[in-house]
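Here the structure is laid out as structure tokens; the discussion comes afterwards.
Please treat every number below as a calculation from the coordinates, not as lab data. Just so you know, these numbers come straight off a predicted model, no measurement behind them. Counting neighbours? That spans all protein chains shown, and the Cβs are built from the backbone with ideal geometry, glycine included.
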């Protein structure tokens, strides 16, 4: 040992977080998103403050910052939830020639997501301008790719024009119903809404229910 030079004690390495700690972190993050979703739906994104979100949770703002650096980050996380639903349902669009049956199956997948996401869909409509701006910023390439896939499907000369028009009408009907699924159809249960939407999609496409 060199004279006059102190020896540093070995630095303690923090143990990796336990599975329970990871679960708690996820639970807290989800609670923040759920409370924020309610406030953004009730008051709007612009009129909701981080202080209000923290107070609803019984947190300090400092504790909230541990999970999200800003209100915009919370909004981005909610936006990403919705974006993932669309992307997952349409990720294989264009990989194979569409039929009226396969298009019905694809749209049925969109409709099946409604029960678990009616509030999120309503919040998106309540804050449409903010959502659209964020979507253009975060997912411009994904959006352009999806638009191109849809254009390619609807302009595929290998498909009869009647089929392509039916497909476009059915898609427009589903997206329109998704926009108003919470406000306009509050009197319908989840099961009734899903059943009615699927029936109308199949009517538009001229196909019956999917065979079991």
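Provide the packing ranking of 149-157, 99-107, i.e. peptides ordered by the mean count of other C-beta atoms within 10 Å per residue, highest first.
In descending order of packing, they fall as 99-107, 149-157.
How high is the FRET efficiency between residue 125 and residue 192 when r is their beta carbon distance and R₀ equals 35 Å, given to the nearest 0.05?
For residue 125 and residue 192, the calculated efficiency is 0.95.
Compute the FRET efficiency between residue 28 and residue 175 as 1/(1 + (r/R0)^6), taking r as their Cβ-Cβ distance and R0 = 30 Å, and round to the nearest 0.05.
Once the sixth-power term is evaluated, E becomes 0.35.
Give me 190, 38 sorted ascending by neighbouring Cβ count inside 10 Å, so fewest comes first.
Least crowded to most crowded, the residues run 190, 38.
Please work out how much length the chain gains when fully extended from residue 84 to residue 200, using 0.36 nm per residue of separation minus the C-alpha to C-alpha distance, in nm with one decimal.
Difference between extended and current length: 39.3 nm.
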